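Single-structure report; data block below.
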Amino acid sequence: MSDFYQNGVVTVLHRLGQPNTEQLEDELERYAKTTPIALVLPSLYAELERPALKRIVEILSEVRYINEIVISLDQASALEFRLAKQFFSQLPQRVRVVWNDGTRIQALLNTLVSHEIDIGHQGKGRGCWTAYGYVLARGQSQVIALHDCDIVSYDRQYLARLCYPVANPNLAYEFCKGYYSRVTDRMHGRVTRLFITPLIRSLQLLVGPHPLLSFLDSFRYPLAGEFAMVRDLAWINRIPGDWGLEIGMLAEVYRNCALRRICQADIADAYEHKHQTLSTHNPDAGLLKMCVDITKSLFRNLASEGLVLSESTLKTLRATYLQAAQEAISRYENDAAINSLRFDRHEERRAVEVFLRGMTLATDSFLGDPLGVPMISNWSRVTHAVPDIFHRLMDAVEQDHAWDPTAETRQPLS
């Protein structure tokens, strides 16, 4: 984005002037000697057969400032795990694939459950958490970066601009959130544009100024899946195990990190990845499920900050949100017009109706159970409950890594 406006309480690091990716990479190579960087990639096996991840691996093969890459692999059989190891073996960095469905990792998770440790449900949140644990166990990286594996428009600048604010000791940031413009021939990012931002601002209108709401409203793309952080945050942050991951993660950063150590960085001219369906009538899929999980995460984090969310307040919130979302549609329609972008007002309204339905479901769930499903325990608690867990986790990952894939007859992915 071309402006240099600083909005809210979180520092914004813009993309200004000419592209400088090579300069950033040169500096990162120097910083990485004393501040090694780990990259975590949460991935389903199905991603390996799509063009996006193949391009990501090709680009990462040329990145020299990354110390280690940890792929957290979900929904993979034994054969698929071994094929995944082959797929990622072309990377020159130290690479490990954490097989979350494997018997060794599953045995570790069962051990944690027996010690009354909350491990959440299988999914991206747990997968990221397990990968963080492995990075912490090795103790060889000081910065942990994460991004998704479905970024169709992936470019070297994405990772460089994401890592730089945390890896550069002169800037002294502990957490950097990526943001970008979600535009092709039309505007994307409906959940951010038409749901989370109008919802946060509606809450501010109803309950008045609140530090956590102001913090969340300061992020230009609060639902972005790209961020980098110091290893200490991976040690103490709890992680949601559902679509509330991004909001829950920001809430944990808010509690555990000084505001002056938090920033957001513009990492791309444009960003394109796999789009979720609306899933109008299925609360367990698509954007409807995302909306439900995000809303519950937001409500529960606000409640934990001492904000009283009564039934009457939450009922009023629906009407306030609907008005705010309708006004947002008009603004974005005008924005699309001046940029000659396609804009389907009917589809935008349908999205708002789905989000309103999700809010209703989330409200009922929150009022019935304000605590909900516990967040995944942080690694500080885990290591106190099971002191040798890091040794066991490293051993499980390394034993899986040593499994020879050449015995299989199926041809590897190209």
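The values are calculated or read from the model by the stated rules, or taken from the named source; none is laboratory data. On a predicted model such as this, the values are computed, not experimentally measured, just so you know. We place every Cβ from the backbone using ideal geometry, glycine too, and count neighbours over all the protein chains shown. Areas reflect the complete protein model, heavy atoms only, side chains present, ligands, DNA and RNA absent. Shrake-Rupley method; radii C 1.70, N 1.55, O 1.52, S 1.80 Å.
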## Note on the structure
Counting only residues that are closer than 10 Å to Ile71 by Cβ and open to solvent by 20 Å² or more (accessible area, probe 1.4 Å), segment 85-94 contains a total of 1
### Query
Is at least one residue of segment 142-160 open to solvent by 20 Å² or more (accessible area, probe 1.4 Å), within 15 Å of Ala38 (Cβ to Cβ) and at pLDDT 95 or above?
yes
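Residue by residue, here is whether (1) open to solvent by 40 Å² or more (accessible area, probe 1.4 Å); (2) modelled with pLDDT of 95 or more; (3) over 29 Å from the mean Cα position of the chain (by Cα) holds:
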site: Ala324; (1), (2), (3): no, yes, no
site: Glu348; (1), (2), (3): no, yes, no
site: Val373; (1), (2), (3): yes, no, no
site: His391; (1), (2), (3): yes, yes, no
site: Ala396; (1), (2), (3): no, yes, no
site: Ala407; (1), (2), (3): yes, no, yes
site: Leu413; (1), (2), (3): yes, no, no
### Query
Of all residues in segment 305-322, how many are free of Cβ contacts under 8 Å to residues at least 12 places away in the same chain and either open to solvent by less than 30 Å² (accessible area, probe 1.4 Å) or among the polar types (S, T, N, Q) (or both)?
2
### Message
Pull out all pairs, ordered by first then second residue, where Cβ-Cβ is under 7 Å, the residues are six or more apart or on different chains, the first lies in segment 159-172 and is charged (D, E, K, R), and the second is modelled with pLDDT of 95 or more and open to solvent by 10 Å² or more (accessible area, probe 1.4 Å).
### Response
Arg161/Leu24
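Among the listed residues Ser330, Ser365, Ser380, which satisfies the condition of being of a type outside the set (Phe, Trp, Tyr), assigned to a helix (DSSP H, G or I) and modelled with pLDDT under 95?
It is Ser365.
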### Lone qualifier among Val166, Val191 - being in contact with a Leu (Cβ under 8 Å, 6 or more places away or on another chain), among the aliphatic types (A, V, I, L, M) and open to solvent by less than 20 Å² (accessible area, probe 1.4 Å)
Val191
### Query
Of the residues in segment 226-251, how many are within 13 Å of Glu174 (Cα to Cα) and open to solvent by less than 10 Å² (accessible area, probe 1.4 Å)?
6
#### Entry: Residues located in segment 165-212, provided they are in a strand (DSSP E or B), at pLDDT below 95 and not hydroxyl-bearing (Ser, Thr, Tyr)
Val183, Arg186, Met187
### Query
Can you name the condition, by its number, that Arg55 falls short on among (1) open to solvent by 10 Å² or more (accessible area, probe 1.4 Å); (2) without any contact (Cβ under 8 Å) to a residue 60 or more places away in the chain?
(2)
## Note on the structure
Taking first residues from segment 72-96 that are of a type in the set (Val, Ile, Thr) and second residues anywhere that are in a loop (DSSP other than H, G, I, E, B), the pairs with Cβ under 8 Å that are 6 or more apart or on different chains are Val95/Ser89
